1. Name the one entry in B:K123, B:K87 that is within 14 Å of chain A (Cβ to nearest Cβ) and without any contact (Cβ under 8 Å) to a residue 24 or more places away in the chain.
2. Which residues, counting only those in the range A:126-138, are charged (D, E, K, R) and either part of a loop (DSSP other than H, G, I, E, B) or closer than 22 Å to A:T168 by Cα (or both)?
3. What number of residues within the range B:1-43 are in a loop (DSSP other than H, G, I, E, B) and within 29 Å of B:C59 (Cα to Cα)?
4. Is there any pair linking a residue in the range A:198-221 that is over 17 Å from A:I142 (Cβ atoms) and modelled with pLDDT under 90 to one that is outside any helix (DSSP H, G or I) and among the basic types (K, R), with Cβ under 7 Å and at least six apart or on different chains, and which?
5. How many of the residues in the range B:128-178 are more than 9 Å from chain A (Cβ to nearest Cβ) and touching a residue at least 24 places away in the same chain (Cβ under 8 Å)?
6. Can you work out which of the residues in the range A:148-176 that are among the aliphatic types (A, V, I, L, M) and touching a Pro at 6+ places or on another chain (Cβ under 9 Å) is surrounded by the most Cβ atoms within 10 Å (Cβ to Cβ)?
7. Please identify the pairs in which a residue from the range A:307-318 that is in the same structural domain as A:K296 (by the TED database) has its Cβ atom under 6 Å from the Cβ atom of a residue that is modelled with pLDDT of 85 or more and not in a loop (DSSP other than H, G, I, E, B), counting only partners at least 6 apart or on another chain.
8. For the range A:234-242, check the following and say yes or no: at least one residue is touching a residue at least 12 places away in the same chain (Cβ under 8 Å), within 13 Å of chain B (Cβ to nearest Cβ) and among the charged types (D, E, K, R).
Amino acid sequence: AAGGSGTVPGEGSGPPAPERVLFPPTFSVSEIKNKQRRHFMFLRWKQQQRKEKLALKKKRRKEREALGDKAPPKAIPKTIENQRVYDETTVDPNDEEVAFDEATDEFAPYFNRQTVPKILITTSDRPRGRTVRFCEQLATVIPNSHVYYRRGLALKRIIPQCIARDFTDLIVINEDRKIPNGLVLSHLPDGPTAHFRMSSVRLRKEIKRKGKEPTEHVPEVILNNFTTRLGHSIGRMFAALFPHDPQFIGRQVATFHNQRDYIFFRFHRYIFKSEKKVGIQELGPRFTLKLRSLQKGTFDSKFGEYEWIHKRREMDTSRRKFHL
Amino acid sequence: SSQVVWSMLGNRQFCSYKMTTKTQNFCRNEYNLTGLCNRSSCPLANSQYATVREEKGRCYLYMKTIERAAFPRRLWERVLLSKNYEKALEEIDENLIYWPRFIRHKCKQRFTKITQYLIRIRKLTLKRQRKLVPLRRKIERRENRREEKALIAAQLDNAIEKELLERLKQDTYGDIYNFPIHAFDKALQQQDAESESESDAEREEEEEDDEDVDKREFVEAEDSELSDFEDMDKLETSSEEEQEEEEEVEKKGSHSKSKGKTPLKGPARRKRPYIEIEYEEETEPSTKTKAA
């Protein structure tokens, strides 16, 4: 190993490296004791690697051109979405069992248009300015919603009152250090309760190139990428927040896009410039949610029956496994 | 000797219980009655001293006398005070009878404060407690990074636009939007006879389309109403004439060419009827020759 560093000519900090440096096969850069020299040799080794890689690429390209039409098709680059571990609970659109479940679960009255959604938005104790403003903006985005301040009331006591007054959904925005960081969405007549971690909340004034205020029209809803059973039920929860018949005149759309278990919420106004082109302009607040737990009944942290909890040690083991 | 102690600790030398701040000196001794570092409140510098302290919700009166100064183990005598506020005050008085006024008064004050905060503790435990969940730094960082990457991978704008165009194709918007090529495509999928009735419907829809045009915020109003109607008529006549595929293909092709040729007409392009009218005139001779 000591001989290896000696065999290479022209080393040293001054002169530039020669074009074709041949490292003897048993040579490893890490065996040089001198840090400066080791660094230098490593750089040279790196350069050589890069050159080889470039040469390989060129060769492959030439081969490809030479083959012309007969060349094998280009390889699809691997993405996380491509490599996603297949989840056995993925919903097949034609699945009867799922359809039957959905016809009989807690959202059936909504989807049968028997109930009109009425939402109560509240916060944790003593909300600070940002949270308050966020609640107000959220209330403009979701039609038929009301904001009430908490003032130290226990959730367990609020819920029966809400049910009595015909609310269908309850949203509690949790605040920490003056920014909203959690969301509890509870479907009221004993519906499921989902607890999310909320991040990157942007109020309307922080959004660049935003449009005017959202109008009173009922927006459309887009739910993207909710593929598994769990994702399906969460998607239905979100859909149940908005009234069933969107007013297309308003040209507003609320999007819940699920990507790698992060749900991005956006609110846009769209316009069809032509048949193949549509322009969208962002209004309204934006935030991202990550599901932490889904509970069967209404909010009850101690005795509730949890349908799904995010357990870090078990569920975060693979980078390519997602649950929504 | 308490004088000596005070002259040493209080003023000149170091006292480990003493905490100095800009305005005041505090005493950290646990038996201190007021918490300040004074000649009269220092438990080390007073041979006769008393305090009130609470342990696990019960208050005790601690007393120190000169006689026991030599026995550190027995120095502080402890008396349990009753839970009843007035009774406890009487007990203090009773135990500290013939003691200096200052100590008696301060003991009672301290006892009052202690009972008040105990009441508060009990009230607060009945209300909801805020559970503090510690953030794990590594996990937070990891999740933020993954969120950023997911955002980039999501390509939200494209996804939303695609979805909206899908919905337009699936005709969920019904009659609101009228893009003639689209409508003519549908006509082709059905039969020619039906396409005539559709073109009639289109005429009606175009009028609706005008109203929509005025509502749209993005579009600037350059063309006047009259020109709209003029072009409407042209479109009607042309739609009656043309019911062949080739013309639509040409229309599409000419439409794409048109962008380079007449840049002046740029803003008007959004209103499709007008564009097609321009090029229909160009292609008309060719189609007529074909028909012939």
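1. B:K123
2. If the condition is that a residue be charged (D, E, K, R) and either part of a loop (DSSP other than H, G, I, E, B) or closer than 22 Å to A:T168 by Cα (or both), then A:R126, A:R128, A:E136 are the ones that fit.
3. Looking only at that region, the number is 19.
4. If the second residue must be outside any helix (DSSP H, G or I) and among the basic types (K, R), the pairs left are A:I207/A:R286; A:G211/A:R269.
5. Within the range B:128-178, residues that are more than 9 Å from chain A (Cβ to nearest Cβ) and touching a residue at least 24 places away in the same chain (Cβ under 8 Å) number 2.
6. That would be A:I173.
7. A:E307/A:L294; A:W308/A:L230; A:W308/A:L294; A:I309/A:S293; A:H310/A:R292
8. Within the range A:234-242, not a single residue is touching a residue at least 12 places away in the same chain (Cβ under 8 Å), within 13 Å of chain B (Cβ to nearest Cβ) and among the charged types (D, E, K, R).
The values are calculated or read from the model by the stated rules, or taken from the named source; none is laboratory data. Since this is a predicted model, take the numbers as computed values, not measurements. Methodologically, a virtual Cβ is constructed for each residue, glycine included, from the backbone with ideal geometry; neighbour enumeration extends over all protein chains shown.
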